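The values are calculated or read from the model by the stated rules, or taken from the named source; none is laboratory data. Computed from a prediction, not measured in an experiment: that's the story for all the values here. For neighbour counting, all protein chains shown are included, and Cβ atoms are generated from backbone atoms with ideal geometry for every residue, glycine included. Heavy atoms of the whole protein, side chains included, go into the accessibility calculation; ligands, DNA and RNA do not. Shrake-Rupley method; radii C 1.70, N 1.55, O 1.52, S 1.80 Å.
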Amino acid sequence: MNDVVAYIQAGRDRFIADLKEWLAIPSISGDPAYVADVRRSAEWLAAHLREQGFPTVETWETEGLPAVFAEWPAADPGAPTVVIYGHHDVQPVEPLSEWETDPFKPVEKGDRLIGRGASDDKGQVFFHTLGIRAALAASGATAPPVTIKLLVEGEEESGSVHFGELLRTHRARLDCDAVVISDTTMWAADVPSMCTGMRGLTEVELTLRGPSSDLHSGSFGGAVPNPLHAMAELLASLHDSGGRVTLPGFYDDVVPLTDEERELFARLPFDEEAWLRTAGDSRAPYGEAGYTTLERIWARPTAEINGMWGGHTGPGGKTIVPREAHAKISFRLVAGQDPARVRDSFRAWVAANTPAGVVAEVRIPGGGVRPCFSPIDSAGVRAARRAMERAFGGEILFTREGGSGPEADLADILDAPLIFVAVGLNGDRIHAPNEKVEIPLLLKGAETAAYLWEELATALR
């Protein structure tokens, strides 16, 4: 263990210098003006991985932007295989005026490295390269104890639109026993934790139509259906008095929280009043009865009305019965739920509850994102927890995340369990101006990675 730490400390300056060089490439996947830079980012990473000793390094093309694949086989051909997932593309930097430094000229300020992608996700991808080298140096081996396959995509920040097809195309090359995800956060620098799941997402748009044109409310009001009245009544009935979603079968597939998970969540130092202030100065918590705030945002599904409109919304009065009403609704899904099944349930619910004289249309703007989940008692999660405890020198707690990503595709297409190992923080300002990462945590990430392969070599056999 001391050899691992010594190697990482000795390589710290070179590690940060190389990371800065990569961060300086503006690999913004969501802006067509940066296509060449995303490609340059992939090429830079590929060259660096070859320099680090990976025997196989390839750039994998998609119909959009490229991913990087690298493989380092274990000395033992019967050893487990682990895929490490991350992404090399980054978010746009606007509003540029709010950055204290140039987002693509990374700078160190004390223990912080500031620049777009420092935490999400180049820094967290990068600590694996140092961790692998530290593990080999400490053991004196020339190959890791598990076969390591690194997959770093280039479109995560723009929806991973081609990622599923990339996984299917290269399914045989990506065959593995587990997938390590390094694109999440810990609870706090002094409260290290592991994420064990991410919520999914699906969206719907609802239109209710009544008369063929707006009507004079004096001549027709109270005598024909009003689509806005119908919409208000319909959306009000989407939840019951206990905050539960009323769609038939909505909770049927939900994987319930275990008593151990609830106990571990409760041990996190959560200040609800402080959290409410970060939630736009919200005045009170709200949600499904019987669950804490953390349980609601991590492990329980939701239905949110994102917008509703119709009729006259301009200056002055306009006394009408409007011809139509509109709403946008999104569902955050949790372990066990399927976006398509939720959408089908919503369609059926609308059809059963739309009043006579009103015609409903449900539009689906996208395919949705499936949730993902890793049981805390699984072999891979237990092994990763041991590796983190060795690096951080104390107990590792558990969290989940409310956001969504391509992790479910990794689990389903590769038919492998997920293991979340990450050292980002919620305060890293990911997607915001002045994104940063804590350098000591990156080094702890590298140390965790160095121990992880040894732990997984035993746990996954």
Next on the checklist: Checking the structure you have, find out if any residue of the range 313-336 is among the hydrophobic types (A, V, I, L, M, F, W, C) and free of Cβ contacts under 8 Å to residues at least 24 places away in the same chain.
Outcome noted: no
Checklist outcome for this item: Taking the range 223-254 and keeping only residues that are of a type in the set (Gly, Ala, Ser) and closer than 21 Å to residue 337 by Cβ, one is left with 237, 242, 243, 249
Item to check | Candidates 75, 67, 118, filtered to the one that is of a type in the set (Gly, Ala, Ser), in contact with a strand residue (DSSP E or B) (Cβ under 6 Å, 6 or more places away or on another chain) and more than 21 Å from residue 442 (Cβ to Cβ) | outcome: 67
Item to check | All positions within the range 432-461 that are under 23 Å from the mean Cα position of the chain (by Cα), within 18 Å of residue 143 (Cα to Cα) and among the β-branched types (Val, Ile, Thr) | outcome: 448
Item to check | Some residue of the range 127-137 being modelled with pLDDT of 95 or more, within 22 Å of the chain's Cα centre (by Cα) and not β-branched (Val, Ile, Thr) | outcome: yes
Checklist entry - Among the residues of the range 360-374, is there at least one that is under 23 Å from residue 146 (Cβ atoms) and assigned to a loop (DSSP other than H, G, I, E, B)? => result yes
Next on the checklist: Give me the residue from the range 283-315 that is over 20 Å from residue 229 (Cβ atoms) and among the polar types (S, T, N, Q) and, out of that set, least open to solvent (accessible area, probe 1.4 Å).
Outcome noted: 293
Checklist outcome for this item: The one condition residue 379 fails out of (1) small (Gly, Ala, Ser); (2) over 30 Å from residue 26 (Cβ atoms); (3) open to solvent by less than 30 Å² (accessible area, probe 1.4 Å) is (3)
Checklist entry - Can you name every residue in the range 1-17 that is assigned to a helix (DSSP H, G or I) and either without any contact (Cβ under 8 Å) to a residue 40 or more places away in the chain or open to solvent by less than 60 Å² (accessible area, probe 1.4 Å) (or both)? => result 2, 4, 5, 6, 8, 10, 12, 13, 14, 15, 16, 17
Checklist outcome for this item: For the range 382-394, the count of residues that are within 21 Å of the chain's Cα centre (by Cα) and either within 29 Å of residue 159 (Cα to Cα) or surrounded by fewer than 17 Cβ atoms within 10 Å (Cβ to Cβ) (or both) equals 1
Item to check | Checklist (1) free of Cβ contacts under 8 Å to residues at least 60 places away in the same chain; (2) assigned to a helix (DSSP H, G or I); (3) hydroxyl-bearing (Ser, Thr, Tyr); (4) closer than 29 Å to residue 164 by Cβ applied to residue 41, failing item | outcome: (1)
Checklist entry - Which of the residues belonging to the range 262-282 are open to solvent by less than 80 Å² (accessible area, probe 1.4 Å) and among the polar types (S, T, N, Q)? => result 282
Item to check | Residue that is open to solvent by 60 Å² or more (accessible area, probe 1.4 Å) and part of a strand (DSSP E or B), where the choices are 328, 318 | outcome: 328
Checklist entry - What is the number of the single condition among (1) modelled with pLDDT under 95; (2) of a type in the set (Gly, Ala, Ser); (3) more than 27 Å from residue 79 (Cβ to Cβ) that residue 424 does not meet? => result (1)
Next on the checklist: I'm trying to understand the selection: among the residues of the range 18-38, which are open to solvent by less than 40 Å² (accessible area, probe 1.4 Å) and assigned to a helix (DSSP H, G or I)?
Outcome noted: 18, 19, 22, 23, 37, 38
Item to check | Unmet requirement for residue 259, which otherwise passes all of (1) closer than 30 Å to residue 375 by Cα; (2) of a type in the set (Asp, Glu); (3) surrounded by 11 or more Cβ atoms within 10 Å (Cβ to Cβ) | outcome: (3)
Next on the checklist: One residue is enough: does the range 357-367 have a residue meeting the conditions under 30 Å from residue 207 (Cα atoms), in contact with a helix residue (DSSP H, G or I) (Cβ under 6 Å, 6 or more places away or on another chain) and open to solvent by less than 20 Å² (accessible area, probe 1.4 Å)?
Outcome noted: yes
Next on the checklist: Suppose we filter the range 106-146 for residues that are assigned to a loop (DSSP other than H, G, I, E, B), surrounded by fewer than 24 Cβ atoms within 10 Å (Cβ to Cβ) and among the β-branched types (Val, Ile, Thr); how many remain?
Outcome noted: 1
Item to check | Residue, surrounded by the most Cβ atoms within 10 Å (Cβ to Cβ), within the range 49-61, restricted to residues that are in contact with a strand residue (DSSP E or B) (Cβ under 9 Å, 6 or more places away or on another chain) and outside any loop (DSSP other than H, G, I, E, B) | outcome: 49
Checklist entry - Restricted to the range 61-81, and to residues that are closer than 19 Å to residue 133 by Cα and acidic (Asp, Glu), which residue is modelled with the highest pLDDT? => result 71
Checklist outcome for this item: Going through the range 266-308 in order, the residues found to be farther than 29 Å from residue 325 by Cβ, within 22 Å of the chain's Cα centre (by Cα) and among the hydroxyl-bearing types (Ser, Thr, Tyr) are 278, 292, 293
Checklist entry - Within the range 147-242, which helices (runs of 4 or more DSSP H) (wholly inside it) include 2 or more residues that are among the hydrophobic types (A, V, I, L, M, F, W, C) and crowded, with 16+ Cβ neighbours inside 10 Å? => result 163-169, 227-236
